[in-house]
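Just so it is clear, none of the values below were taken in a lab; they were calculated from the coordinates. Bear in mind the structure is a predicted one, so any value in this text is a computation, not a measurement. Neighbour counts are summed over all protein chains in view; Cβ atoms, including those assigned to glycine, are modelled from backbone coordinates with ideal geometry.
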Amino acid sequence: MEGAVAAMLDSYPAATLQDIYKGMFQDRFGVAHMLGSREAVRGYIEREVALLDAEYRPTNYLTPCGWRGDYLRVDLAAVRDGKITLDELTDAFFESALCGIAIDQAAIERWAEEWATIESVCHESLLELEGYAADSTMLAELVASGQYVVHHSDSFNAHYAPHYRILRSDIARRLMVE
């Protein structure tokens, strides 16, 4: 866990606890909660690829979401740069969604326990994060209320303008080489 948090903060030094939580959540549950029609997903990815800054060059097309290593973020620049096609990414997204964990009350309770463990084990490195106390309280209240989804923080969005899709690790690696 500590290694994953350190790697996230090395890659994204402006990340907040909210962003660490988001990555760990993505790594636990995948993308099943985001599933829509294939056409809608394809269109959304296509529009998002078009928003990429032409000068943007990712350090890596694939980055781990969290400590488990079950899911990877695939930078949409991989489509723009011809590493994979829009249809390959769309199909891989759907295949990954079918592998996700159902999000029910029992899963959220297990997630609350896992998040508490992550935060406890990694406490020393997380304390340094901007807004740690406020984020920790907000996330505890969110999970206690049965909610679980957060967006990236304003800081993360401002520094990194993230454009990616989550794929199960084995599917992402089969689709493209890092």
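Is there a residue being touching a strand residue (DSSP E or B) at 6+ places or on another chain (Cβ under 7 Å), of a type outside the set (S, T, N, Q), in contact (Cβ under 8 Å) with a residue 40 or more places away in the chain and not in a helix (DSSP H, G or I) anywhere in the range 16-34?
yes
Inside the range 15-31, can you point out the residues that are in contact with an Asp or Glu (Cβ under 8 Å, 6 or more places away or on another chain), farther than 20 Å from Asp104 by Cβ and not polar (S, T, N, Q)?
Answer for the range 15-31, where residues must be in contact with an Asp or Glu (Cβ under 8 Å, 6 or more places away or on another chain), farther than 20 Å from Asp104 by Cβ and not polar (S, T, N, Q): just Leu17.
Restricting to the range 159-178, give me the number of residues that are of a type in the set (Asp, Glu) and either crowded, with 17+ Cβ neighbours inside 10 Å or closer than 21 Å to Arg57 by Cβ (or both).
Summing the residues that are of a type in the set (Asp, Glu) and either crowded, with 17+ Cβ neighbours inside 10 Å or closer than 21 Å to Arg57 by Cβ (or both) in the range 159-178 gives 1.
Working carefully through the options Leu9, Leu52, find the one that is surrounded by fewer than 20 Cβ atoms within 10 Å (Cβ to Cβ), of a type in the set (A, V, I, L, M) and closer than 13 Å to Pro162 by Cβ.
From the options Leu9, Leu52, the qualifying one is Leu52.
Restricting to the range 109-139, name every residue that is surrounded by fewer than 18 Cβ atoms within 10 Å (Cβ to Cβ), in contact (Cβ under 8 Å) with a residue 24 or more places away in the chain and not in a loop (DSSP other than H, G, I, E, B).
Those that are surrounded by fewer than 18 Cβ atoms within 10 Å (Cβ to Cβ), in contact (Cβ under 8 Å) with a residue 24 or more places away in the chain and not in a loop (DSSP other than H, G, I, E, B): Ala112, Glu114, Thr117, Val121, Ser125, Tyr132, Met138.
Residue-wise test of (1) part of a loop (DSSP other than H, G, I, E, B); (2) over 15 Å from Val5 (Cβ atoms); (3) out of contact with any helix residue (DSSP H, G or I) (no Cβ under 8 Å at 6 or more places or on another chain).
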residue	(1), (2), (3)
Arg73	no, yes, no
Ala102	yes, yes, no
Val149	yes, yes, no
Ala158	no, yes, yes
